[in-house]
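Student: Dropping the structure in here first, questions after.
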Amino acid sequence: MAGLLGPAEVRDLAALLDVTPTKKLGQNFVHDANTVRRIVATAALPPGSTVLEVGPGLGSLTLGLLEAGHPVVAVELDARLAAQLPLTVAELQPTARLEVVHADALRVTSLPEVFGEPTSLVANLPYNISVPVLLHLLARFPSITRTLVMVQAEVGQRLAAGPGSKIYGSPSVKAAWYGAWGLEGVVSRQVFWPVPNVDSVLVGMKARASAPGSEAERLRMFALVDAAFGQRRKMLRQALAELFGSSAAATAALEAAGLDPTARGEQLVMQDFLALARVQG
């Protein structure tokens, strides 16, 4: 299909680069142009807005975003893939605007601003590090107002989960700092090479008009969330005792925040943890 990669092109590129997708890097390459175009359409990005993509791989999604008229800043860890991507794009879409950054997305602290700051994050995230990468990039680049990522189904469900459910946890609360999350589509296993042994979903977020609190409050809140879910079966007064110095101090802080010391972390929403972080501060 003109301008995008199909199964034959994906395999040819992989052979050319001597790239074998590995479970260690969480690599599964999309080879279906219709799926790529569906992801881009689902993202519903403002015309011409700059996109941050992580783990572009052989370029399937990159080409879809470029085809829709979006400048793309792509962060790729694999040197071979990072070097090849501009060549692939130059051949298939010579007028497209692409900047490739060869780096570990978990360590990226700045991006080239050749197209301005990215306002969206659209990616097929490496499954083994999808949540840490997502949270790192959202914290580091506040210009991002729209996120749509393809992740393992259970990860997507966890990000979009509400309080009280078994899958609600630390990622659910931390992600909620940035905005409301929801599942926005299912992706067939058959559109990947190699075919993964897990299901995939699209999970998305539209950012809040402004951050719910300061950066210092976010950091304190995230530490509280880690402590609460690190011992999720314990009551909060016990789970947070070490953080506050004692169970009694944790109880006093919880009560000051209007929270029940005998509750568990899975019963609290993001705003509850933020209220506790403000008491702590």
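Student: Based on this model, can you work out whether Ala223 counts as open to solvent by less than 60 Å² (accessible area, probe 1.4 Å), more than 24 Å from Thr119 (Cα to Cα) and either polar (S, T, N, Q) or out of contact with any Phe, Trp or Tyr (no Cβ under 6 Å at 6 or more places or on another chain) (or both)?
Tutor: Working: open to solvent by less than 60 Å² (accessible area, probe 1.4 Å): yes; more than 24 Å from Thr119 (Cα to Cα): yes; either polar (S, T, N, Q) or out of contact with any Phe, Trp or Tyr (no Cβ under 6 Å at 6 or more places or on another chain) (or both): yes.
Criteria met by Ala223.
Student: In the range 240-252, is there at least one residue being touching a helix residue (DSSP H, G or I) at 6+ places or on another chain (Cβ under 7 Å) and either assigned to a loop (DSSP other than H, G, I, E, B) or within 19 Å of Gly164 (Cα to Cα) (or both)?
Tutor: yes
Student: Quick check on the range 16-39: of everything there that is open to solvent by 20 Å² or more (accessible area, probe 1.4 Å) and under 21 Å from Val131 (Cα atoms), which residue is modelled with the lowest pLDDT?
Tutor: Step by step, filter the range 16-39, then rank; the result is Leu25.
Student: Among the listed residues Glu154, Glu184, which satisfies the condition of being surrounded by 14 or more Cβ atoms within 10 Å (Cβ to Cβ) and charged (D, E, K, R)?
Tutor: Values: Glu154 fails: surrounded by 14 or more Cβ atoms within 10 Å (Cβ to Cβ).
Checking each option against the conditions leaves just Glu184.
Student: Let me ask you something else. Take the conditions in contact with a strand residue (DSSP E or B) (Cβ under 6 Å, 6 or more places away or on another chain) and modelled with pLDDT of 95 or more and apply them to Gly213. Does it pass?
Tutor: Against the criterion (in contact with a strand residue (DSSP E or B) (Cβ under 6 Å, 6 or more places away or on another chain) and modelled with pLDDT of 95 or more), Gly213 does not qualify.
Student: Here are Met235, Met270: which of them is of a type in the set (A, V, I, L, M, F, W, C), open to solvent by 20 Å² or more (accessible area, probe 1.4 Å) and either within 19 Å of Ala161 (Cβ to Cβ) or in contact with a Lys or Arg (Cβ under 8 Å, 6 or more places away or on another chain) (or both)?
Tutor: From the options Met235, Met270, the qualifying one is Met235.
Student: Now for a separate question. Do any residues in the range 131-155 that are within 20 Å of Thr62 (Cα to Cα) and modelled with pLDDT under 95 have Cβ atoms under 8 Å from those of residues that are among the charged types (D, E, K, R) and open to solvent by 20 Å² or more (accessible area, probe 1.4 Å), where the two are at least six apart or on different chains, and which pairs are they?
Tutor: Gln152/Asp199
The values are calculated or read from the model by the stated rules, or taken from the named source; none is laboratory data. Everything numeric in this text was worked out from a predicted model, so none of it was measured. A quick note on method: Cβ atoms are made from the backbone with ideal geometry, for glycine too, and the neighbour counts reach across all protein chains shown. Just the protein is used for accessible areas: all its heavy atoms, side chains included, with ligands, DNA and RNA removed. Shrake-Rupley method; radii C 1.70, N 1.55, O 1.52, S 1.80 Å.
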